[in-house]
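The values are calculated or read from the model by the stated rules, or taken from the named source; none is laboratory data. Bear in mind that the values here come from a model prediction, so they are computed numbers and not experimental data. We place every Cβ from the backbone using ideal geometry, glycine too, and count neighbours over all the protein chains shown.
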Amino acid sequence: MPSSLLARTARPARPARPLRPARRRAAFATLAAGATLVAGLVAAPAAQAAPGTSCTGSTVHGSAVQDGSTWRAYRGTRELWSGSDMLTAIQRAVDGLDAGRTSKQRVVVNGSGTMSANARITLPSHTAFESCGTIHVSGSGSGNVAGIYMRGVRDIEVARLAMTGTPVYGIFARNVDDLRLRDVDMRLSGGGIGIRVDNHGDRSRFARNISIDRAYVSGAGSHAVETYGVDGFTLGTLTARDVRESGLLLNQTINARVGTVDAVNAGAGTGYAAFRIANRAGRVGSSYPTNIEVGTVRASGGGRGIFCVSESGGLRVNRVELTNTGNNPVLIENCTNVSLATTSGTVSRGDVRLAERADFPGNRDITLQNLTLSNGARIVESPCADNLVIRNVSGPVQRC
């Protein structure tokens, strides 16, 4: 090291000058403020430090934030309410959004908590909701109560929802237009239906433009997903596990596009199915143009695999994968214009059955194709259908 640098390094430091009184007071104030800030950052929960943190990276307008045993409702960063009840905090945050708004505003839930099965979170028009924790629903309820409830509104988004427990409905939408459910995960232990969308508040018109990107539903006491009176339904993927009744049930629903229904043990011991259409689903006016299209139905165990009933139709299923269902892997009863396995299909065990009841017109314009039947599976037509086409089927076929 050069001697000049060594000399500078070794030079003793000058004694610090004492601060003048005014400067001393200013310096002390600065240090005290900094200490207070550091203490606050250490002591305050993350949720308190940043209320309204989105778990999907979206802009937040209102929030319900868990702070230990306390819940706080916010409008932006302004606290609206605090207390011990998660449900009240969520509803206060929702109700704190702009009244009369014409575009969507978002409420997030930062934390996990419990609500009663006999209560509901109600969403008004132009609301987006996301829960970054888990909502547990406890006890029993009756009537139109739901974890998430909406009626007679439009432009709703549930961006993320994780739910456990025993809701009467996990999500219930009645006479709602423009509803999008993006990421729903329900791991239930009974209760009723996971998701239901219907028009039963005013049956003179369909509920319109309903979409579900992804839904996982297990343990529901009834259907995983059910629609009734819907025009325009889109579903990406439904995974149903151990639900008491159907995986996906479309009642009086038209213009539907479904990617995948993947069900294990759906409707065990019942007449329900992994995928069922009923009550004139697919009927447009008095005709049945193909307007319900499904990419894949995959079912194992449970009740039926695919069930079309009660004057429904207009259905095309591209891929069929049905294994060891506890009832008919396929039952087509009083339906018109149904085409199964346009791309490919496998059925293991049971009868692919065409039947009818006397109180409805019989089956008409049915196509079964590209099917490989194994382990005793067969096609059984009884009574005769009108214009039944069976082609490229490997396995036994019993015609009327």
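Please list, ordered by first then second residue, the pairs with beta carbon atoms under 6 Å, 6 or more apart or interchain, first in segment 199-214 and charged (D, E, K, R), second not in a loop (DSSP other than H, G, I, E, B).
Hits for this filter: Arg208/Asp177; Arg208/Asp231; Arg208/Gly232; Asp213/Arg182; Asp213/Gly236; Arg214/Asp183; Arg214/Gly236; Arg214/Thr237.
What pairs come up if the first residue lies in segment 288-313 and is surrounded by 24 or more Cβ atoms within 10 Å (Cβ to Cβ) and at pLDDT 95 or above, the second is hydrophobic (A, V, I, L, M, F, W, C) and in a loop (DSSP other than H, G, I, E, B), and their beta carbons are under 7 Å apart, counting only those six or more places apart or on different chains?
Every condition considered, the pairs that remain are Ile292/Ala281; Ala299/Ala266; Gly302/Ala266; Gly302/Ala268; Gly303/Ala266; Gly303/Ala268; Ser312/Ala281.
Being small (Gly, Ala, Ser) and surrounded by 16 or more Cβ atoms within 10 Å (Cβ to Cβ) is the filter here, so list the residues in segment 85-103 that pass it. Walk me through it before giving the result.
Filtering segment 85-103 for residues small (Gly, Ala, Ser) gives 89, 93, 96, 99-100, 103.
Residues satisfying the conditions are Ala89, Ala93, Gly96.
When the residues of segment 349-376 are filtered to those that are basic (Lys, Arg) and part of a strand (DSSP E or B), which remaining residue is surrounded by the fewest Cβ atoms within 10 Å (Cβ to Cβ)? Reasoning before the result, please.
Taking segment 349-376 as the starting set, the residues that turn out to be basic (Lys, Arg) are 349, 353, 357, 364.
From what's left, part of a strand (DSSP E or B): 353, 364.
On the way: Arg353: 20, Arg364: 17.
It comes out as Arg364.
Looking at Asn387, is it in contact (Cβ under 8 Å) with a residue 12 or more places away in the chain, on the phi > 0 side of the Ramachandran plot and among the polar types (S, T, N, Q)? If you could, list the steps in order and put the result at the bottom.
On the way: in contact (Cβ under 8 Å) with a residue 12 or more places away in the chain: yes; on the phi > 0 side of the Ramachandran plot: yes; among the polar types (S, T, N, Q): yes.
In short, yes.
In this structure, does Thr346 turn out to be in contact with a Gly (Cβ under 7 Å, 6 or more places away or on another chain), at pLDDT 95 or above, among the hydroxyl-bearing types (Ser, Thr, Tyr) and in a strand (DSSP E or B)? Even if it seems obvious, please write down each step before you answer.
Working: in contact with a Gly (Cβ under 7 Å, 6 or more places away or on another chain): no; at pLDDT 95 or above: yes; among the hydroxyl-bearing types (Ser, Thr, Tyr): yes; in a strand (DSSP E or B): yes.
Taking the combined requirement at face value, the residue does not satisfy it.
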